[in-house]
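For reference, the structure is listed below as structure tokens.
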Amino acid sequence: VAKSEGRSRWRYFTPAMQVAAEKRSQIIADLRLAVMKQQFFLLYQPIVELETGKVHKAEALIRWQHPDKGMISPADFIPLAEETQLIIEVGNWIFQQAIQQVAIWQAAHGKDFQVSINKSPVQFYHAVAGDWSASLQQMGLAGHSIVVEITEGLLLDANATVSGQLLHLRDAGIQVAIDDFGTGYSSLSYLKKFDIDYLKIDQSFVRNLSEDSSDRVLCEAIITMAHRLGMKVIAEGVETRQQCDLLKQAGCDYGQGYLFARPLTAEAFDEFMARKISP
Ligand code: C2E
Ligand code: MG
Ligand code: MG
Ligand code: MG
């Protein structure tokens, strides 16, 4: 073992690495084409108000329909899109799709309907946020039609550009959610500095939630803290009735997960809403 470890120290670029590198540049080339050929689409996952069962929020989740590789998950291509900055173009496309859809759902389900979109840190570092509020105005949509999901890491080392863009969102009335809350950094001081509307409890705290679990204590603490700071809480990855009941008992505002629905096409989302409303 020691010998092979020793060898790998000088065998710097292996054939396997060569193959991986070629695969990677192929995917990046494909990604550039995908942007031009519009191979992306959005799925929407319902976010359920736990007290009432009402659905007036959905999270937009991107998918890539690759011509030969089939459906590619965002976990596999978002990092590459970030690295190549293609995410800026893709991100603007996501926003445009989301506002078209939210306009339709506000007409059907009321003006308080919101669509949340995930915004990558790269978009905050480079893009000009200005035209987002102009687009909302052109569509006759209120700013709070859109919630932008960001991660803790963005706020922890927020420079002037990032802070400026967050203020810009805020001025446009767009709401902000912290995604995967509790997994990023141990610092909570950013919660004082920035005006945040929602905390999304990461699914890793929900997965093993039970009557006497430490995760239950953590969820309760997050919910109490959030409420006292004027934020609402969305639990991610709710898969079982028991998790849902415990979260409800703890005062959690919203739940999102397979218990309610998987991410759905817009058409399937409409069917989901129709089934919900009918007795
Ligand atoms: P996220 O924003 O935290 O999204 C939640 C992920 O959990 C989604 O995975 C969703 O399908 C999955 N999920 C929902 N309910 C359950 C459940 O009950 N159990 C389990 N095990 N999983 C559940 P997805 O769609 O594969 O997205 C993965 C990540 O990729 C997202 O995590 C987000 O960080 C990123 N992503 C997705 N769409 C976009 C996008 O449009 N733009 C950007 N920048 N990132 C995106
Ligand atoms: Mg998200
Ligand atoms: Mg999440
Ligand atoms: Mg607020």
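The values are calculated or read from the model by the stated rules, or taken from the named source; none is laboratory data. All of these numbers come straight from a predicted model, not from anything done at the bench. Cβ sites come from the backbone with ideal geometry, for glycine too, and all protein chains shown count toward neighbours.
Annotations
- Across the range 247-270, the number of residues qualifying as touching a strand residue (DSSP E or B) at 6+ places or on another chain (Cβ under 8 Å), in a helix (DSSP H, G or I) and closer than 28 Å to Q65 by Cα comes to 2.
- Test: residue in the range 213-223 that is closer than 22 Å to V90 by Cα and at pLDDT below 95: no
- Number of residues in the range 44-60 that are surrounded by fewer than 18 Cβ atoms within 10 Å (Cβ to Cβ) and part of a strand (DSSP E or B) equals 1.
- Some residue of the range 209-224 being in contact with an Asp or Glu (Cβ under 7 Å, 6 or more places away or on another chain), at negative phi and either among the β-branched types (V, I, T) or away from ligand 1 (no atom under 13 Å from the Cβ) (or both): no
- When V147 is tested against the conditions (1) buried (at least 17 other Cβ atoms within 10 Å of the Cβ); (2) closer than 30 Å to Q106 by Cα; (3) more than 16 Å from ligand 4 (Cβ to nearest atom), the lone failure is (3).
- All positions within the range 220-237 that are more than 16 Å from ligand 2 (Cβ to nearest atom) and more than 16 Å from L191 (Cα to Cα): E220
- Residue check for Y125: under 28 Å from R63 (Cα atoms) and buried (at least 19 other Cβ atoms within 10 Å of the Cβ): no
- Single unsatisfied condition, S204 versus (1) away from ligand 2 (no atom under 16 Å from the Cβ); (2) touching a residue at least 12 places away in the same chain (Cβ under 8 Å): (1)
- Counting only residues that are surrounded by 14 or more Cβ atoms within 10 Å (Cβ to Cβ) and within 16 Å of ligand 4 (Cβ to nearest atom), the range 224-238 holds 7 of them.
- When residues of the range 149-208 are limited to those that are within 18 Å of the chain's Cα centre (by Cα) and small (G, A, S), the one nearest to M231 (Cα to Cα): A177
- Within the range 194-215, the residues that satisfy the criterion of being more than 16 Å from ligand 3 (Cβ to nearest atom) and farther than 14 Å from E236 by Cα are F194, D195, S210, E211, D212, S213, S214.
- Residues that are modelled with pLDDT of 95 or more and in contact with an Asp or Glu (Cβ under 6 Å, 6 or more places away or on another chain), drawn from the range 182-200: K200
- Residue within the range 174-187 that is of a type outside the set (D, E), more than 16 Å from ligand 3 (Cβ to nearest atom), within 20 Å of V115 (Cα to Cα) and without any contact (Cβ under 8 Å) to a residue 60 or more places away in the chain present: yes
- Strands (runs of 3 or more DSSP E) within the range 65-167 that include 1 or more residues among the polar types (S, T, N, Q): 114-118, 146-151
- Of all the residues in the range 239-253, those that are touching a helix residue (DSSP H, G or I) at 6+ places or on another chain (Cβ under 9 Å) and either under 13 Å from G53 (Cβ atoms) or modelled with pLDDT under 95 (or both) number 1.
- Put simply, of Q106, Q114 the only residue that is within 16 Å of ligand 2 (Cβ to nearest atom) and touching a helix residue (DSSP H, G or I) at 6+ places or on another chain (Cβ under 7 Å) is Q114.
- Odd one out for N208, checked against (1) exposed (fewer than 14 other Cβ atoms within 10 Å of the Cβ); (2) within 16 Å of ligand 4 (Cβ to nearest atom): (2)
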